[in-house]
Amino acid sequence: MSRDFKVFSGNSNPQLAKDICAYLERPLSRADVGRFSDGEINVEIGENARGIDCFLVQSTCRPTNDNLMELLVMIDALKRASATSITAVIPYYGYARQDRKVAPRTPITAKLVADLLTSAGADRILSMDMHAGQIQGFFNIPFDHLYAAPVLVDHLMRNITDPDNLVIVSPDAGGVERARAYSKRLGASLAIVDKRRAKANVAEVMNLIGDVDGKHAVLLDDMIDTAGTLTGAAAALVEKGATRVSACAVHPVFSGPAIKRLEESAIDEVIVTDTIPLMPDAAACSKIKVLSVARLFGEAIQRIHSADSLSSLFL
């Protein structure tokens, strides 16, 4: 008889965890995650985990440090509860942008987080659309990297009214590979915004490579943080003759002035996924549409547990 599996959740994204469990047709397992009066995290696993494959859903989004610490403490709790295996399901991997030294005497924090997760007792990592794919190599345990492309591409295919005039736009040089894959799948043309960043979270649009005149431009990125890159790119697209500008991103970080910038920008619609729950101001923004990736994660969890291939989940 094959052993059972259970899905647990921290406090960062409980709705996604519930949606994953709904897809799997099983209840979300009980775990009480609270705080002592001095702010220390206290975790109590509310049901038996001995001999069980445990999947722990927790995005390390804002507040990043609290959610990361919750994840580490929950992994330790499951490990000490004699779980057979512990898979950390991290829809959004915080600190992913610190994947290399960009200046002298700076940390590689994405590697530090990988070491912390491994030391805490995680046996496998399941994440989605990492900002830097090479972070998978920071782990000495199995790492499954999902992509939201099936969900986003399906939505675009069903909702684009004029596919012949569609152009997929990468807002920077680093996203060209992603944009090319989407444009191929959608049968659309490709454009690239060349930008130079003066300092962190400040982007300056310099040039546009490709033809967007008279077309519906869809800006594609892995995340939207302060939205400076996207809104600057949207302005450049409109200046070059784009008739409509939409944006697609996997992770809706939406920090600082992001929502204000999006509301005042030339972008008509912002399509994101539920890897990060929206803050109240983002949820109230009429431009933002959220697609669920629960099915992808649910199917991946089922296949990991049954030792089946995950390759058919990719485009």
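Every number here is computed from the coordinates shown, using simple stated rules; none is lab data. Keep in mind that what you see is a predicted model, and the values were worked out from it rather than measured. So basically every Cβ, Gly included, is an ideal-geometry build from the backbone, and we count neighbours across all protein chains shown.
Quick one: V212, V250, fewest Cβ neighbours within 10 Å first, how do they rank?
Working: V212 23, V250 29.
With the sparsest Cβ surroundings first, the list reads V212, V250.
Full extension of the segment from H155 to R30, taken as 0.36 nm per residue of separation minus the current Cα-Cα distance, would add 41.7 nm. Rounded to the nearest 500, the 222 nm mean residue ellipticity of the chain from helices alone is -9500 deg cm²/dmol, with -39,500 (n - 2.57) taken per DSSP H run of at least 4 residues. Close amide H partners of L146, meaning residues 5 or more places away or on another chain with modelled amide H under 5 Å apart, are S127, M128, D129. 3J(HN,Hα) along the range 188-194: 9, 7, 10, 9, 9, 9, 8 Hz, from the Karplus curve 6.51 cos²θ - 1.76 cosθ + 1.60 with θ = phi - 60°, whole Hz, x for Gly and Pro. Beta bridges assigned by DSSP with both partners in the chain are antiparallel in approximately 25 percent of cases.
Normalised by 2.2 N^0.38 Å, where N is the number of residues, the C-alpha radius of gyration of the range 5-146 stands at 1.03. Take the alpha-carbon centre of the range 1-42, take the same for the range 275-292, and report the distance between them in whole Å. Centre-to-centre distance over Cα atoms comes out at 22 Å. By the rule of a C-alpha distance below 13 Å, with chain neighbours fewer than 8 residues away ignored, the aspartates and glutamates paired with K6 are E25, E47, D53. For a 25 Å ceiling on Cα separation, which of these pairs sit above it: K184/K215; K101/K289; K240/K287; K79/K111? In this structure, K101/K289 lie more than 25 Å apart at Cα. Between A266 and D164, the distance separating the two model label sites (each 7 Å from Cα on the Cα→Cβ line) works out to 2.4 nm. Each residue of the range 214-231 was assigned a 3J(HN,Hα) from its phi angle through the Karplus expression (A = 6.51, B = -1.76, C = 1.60, θ = phi - 60°), giving x, 10, 8, 9, 10, 6, 10, 9, 7, 8, 10, 9, 8, 6, x, 5, 5, 5 Hz with x at Gly and Pro. The GNM of the chain, with springs linking C-alpha atoms under 10 angstrom apart, assigns the highest mean-square fluctuation among A247, A284, A110 to A284.
Hydrodynamic analysis of the chain uses the Kirkwood radius over alpha carbon pairs. Inserted into Stokes-Einstein at 37 °C and 0.692 mPa s, it gives a translational diffusion coefficient of 160 µm²/s.
Highest GNM mean-square fluctuation among S82, S246, S127, for the chain modelled with Cα contacts below 10 Å: S82. Exposure proxy ranking for M157, M69, M223, M130, based on other Cβ atoms within 10 angstrom of each Cβ and starting from the fewest, stands as M157, M69, M223, M130.
Remark: D164, D222 ranked as D164, D222, counting other beta-carbon atoms within 10 Å and listing the fewest first. In order along the range 59-75, phi translates into HN-Hα couplings of 7, 8, 9, 4, x, 4, 5, 5, 5, 5, 5, 4, 4, 5, 5, 5, 4 Hz, rounded to whole numbers, per the Karplus curve 6.51 cos²θ - 1.76 cosθ + 1.60 with θ = phi - 60° and x for Gly and Pro. Of all the options T106, T273, T229, the one that moves most in a Gaussian network model of the chain with Cα springs shorter than 10 angstrom is T106.
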